[in-house]
Ligand SMILES: Cc1cc2nc3c(=O)[nH]c(=O)nc-3n(C[C@H](O)[C@H](O)[C@H](O)COP(=O)(O)O)c2cc1C
């Protein structure tokens, strides 16, 4: 679909479309993003990268900031740290690597990040937030954005205060995952909070948390007035959601066709060994809820692309391409012998 009118702007950068793939460490890499872009994801985030890893010599974490050679824009590079000066130096270093936007992660809840004052730990340090956004928006050429949670815990809900500080110091967009650090991924995301945020800032807002279906995308937008919907877990093995197609509407053949394409993206980016490991992580998601566990196990043992393709062929013979996923879900077990 070609859209002439931007859905919203991040500072001067036009964004076409309103479904956005969430940053997801170990998942939102170059191969998966290539697939999601094809399904119309309007904006892509990298996996988050620690600032310390960007300040020294080249190291494997730099690959997280690779951009697909077939041009992948607009592209958000997401970084995290706990020192404004260091965040600035890291951001200045990576700005020329293909970033259209630089995003500060203020949502990561894992203790080794948040307890060091980075990720959602930044939300407990309003001065650090102010300083970081002031420095970055003054010294970078690209827009600076941030992704928040509701706060550290229920006793310290402060997303509105932090978002105001961000925007007052130059942030061009705020993304909100409607949970506290203390919830991790438990409970229900609070969409009322996303609506309040949208009311309180004059920059675009991305709503995030628990979007699983096309109806959820529309409900979140209607409920909050947010500019874009950020989709994380539900897009894994299910990039169709970014194109507003529910998994239940697909046939098995559609899934294997995309899986094959994803395999080729993964192999061409990572090489055979790492590529197969990578695709197996996604394979679990593509086949999730389907009675194909014996295939999943067999795929884990595969060592070459030829073997992978062969096994895929066996699976495609066992399961008709035309069977709808909604039907396939009801079948408890496939008795196909797996080589
Ligand atoms: C495996 C995994 C990795 C994640 N990595 C990141 C990350 O690197 N940066 C980030 O801002 N959020 C990260 N998140 C959080 C998601 O971006 C998102 O905020 C969260 O999953 C809620 O959205 P959802 O309900 O659509 O999954 C991660 C989530 C998951 C499940």
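The values are calculated or read from the model by the stated rules, or taken from the named source; none is laboratory data. Remember, it's a predicted structure, so these values are computed and weren't measured experimentally. Reconstructed Cβ throughout: ideal geometry from the backbone, glycine too, with neighbour counts over all protein chains shown.
Quick look at the values:
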quantity: Filter result for the condition that a residue is in the same structural domain as residue 24 (by TED's automatic domain parsing), surrounded by fewer than 23 Cβ atoms within 10 Å (Cβ to Cβ) and in contact with a helix residue (DSSP H, G or I) (Cβ under 9 Å, 6 or more places away or on another chain), over 136, 160; calculated: 160
quantity: Evaluation of residue 70 against (1) at pLDDT 95 or above; (2) closer than 30 Å to residue 274 by Cβ (one fails), failing number; calculated: (1)
quantity: Qualifying residue in region 203-214 (condition: on the phi < 0 side of the Ramachandran plot and in a helix (DSSP H, G or I)); calculated: yes
quantity: Residue that is nearest to residue 165 (Cα to Cα) [pool: residues in region 198-214 that are more than 11 Å from the ligand (Cβ to nearest atom) and out of contact with any helix residue (DSSP H, G or I) (no Cβ under 6 Å at 6 or more places or on another chain)]; calculated: 202
quantity: Which listed residue is crowded, with 20+ Cβ neighbours inside 10 Å, closer than 25 Å to residue 63 by Cα and either more than 13 Å from the ligand (Cβ to nearest atom) or assigned by TED's automatic domain parsing to the domain that holds residue 206 (or both), from 113, 129; calculated: 113
quantity: Output for region 221-237, where each listed residue is within 15 Å of the ligand (Cβ to nearest atom), assigned to a loop (DSSP other than H, G, I, E, B) and either touching a strand residue (DSSP E or B) at 6+ places or on another chain (Cβ under 9 Å) or not assigned by TED's automatic domain parsing to the domain that holds residue 174 (or both); calculated: 226, 232
quantity: Some residue of region 322-339 being without any contact (Cβ under 8 Å) to a residue 40 or more places away in the chain and touching a helix residue (DSSP H, G or I) at 6+ places or on another chain (Cβ under 8 Å); calculated: no
quantity: All positions within region 166-192 that are surrounded by fewer than 20 Cβ atoms within 10 Å (Cβ to Cβ) and either part of a helix (DSSP H, G or I) or within 12 Å of the ligand (Cβ to nearest atom) (or both); calculated: 167, 168, 182, 183, 184, 185, 186, 187, 188, 192
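Listed here are the residues, each with its yes/no results for (1) touching a residue at least 12 places away in the same chain (Cβ under 8 Å); (2) touching a strand residue (DSSP E or B) at 6+ places or on another chain (Cβ under 7 Å).
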site: 163; (1), (2): yes, yes
site: 166; (1), (2): yes, yes
site: 175; (1), (2): yes, yes
site: 179; (1), (2): yes, no
site: 187; (1), (2): no, no
site: 203; (1), (2): yes, yes
site: 207; (1), (2): yes, yes
site: 210; (1), (2): yes, no
